[in-house]
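Please treat every number below as a calculation from the coordinates, not as lab data. Computed from a predicted model, the values in this text were never measured in an experiment. We place every Cβ from the backbone using ideal geometry, glycine too, and count neighbours over all the protein chains shown.
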């Protein structure tokens with residue numbers, strides 16, 4: 001008993017597909033934009049630094065307000081971060097206004113006026129970094145005027 005396959009049946013079967021050569025794995029696709037964060041949400045925090053830490057100029061408050069109002073209906077992340085940034089700006093303005101009479105009467109407000117720009121810079125950079133990474137971060141210890 002021979003185990004030969006007739007020539008006709010061997011030629012009627014299709015040849016096997018060529019084997020895939022092993023190579024480097026394909027590059028992962030970029031993360032969706034929601035996972036990366038919104039550029040407008042980051043901008044809500046960063047435009048607040050236009051007043052160089054001095055909220056009396058109102059540039060940071062107005063710039064944050066403009067970005068938030070322009071994009072809040074289109075981008076839920078911008079809505080959240082815009083409210084947070086605006087609330088933080090308003091709180092800083094309140095602290096600076098509170099420090100002025102304290103400077104006049106007993107110089108206690110002077111250290112407060114000196115420290116607030118640095119607090120503003122650090123907190124807004126942390127918030128902008130968190131917004132850029134897609135996290136929802138709230139400023140600690142602030143009064144929420146805008147909900």
Against the rule of thumb 2.2 N^0.38 Å, how large the Cα Rg of the range 38-132 comes out = 1.13
Treat each spin label as a single point 7 Å out from the Cα along the C-beta direction, and report the residue 58 to residue 108 distance in nm.
-> 2.9
Calculate I(q)/I(0) for the range 40-79 by the Debye formula, one identical point scatterer on each C-alpha and no solvent, and give its log10 at q = 0.18, 0.23, 0.26 Å⁻¹ to two decimals.
-> -0.43, -0.63, -0.75
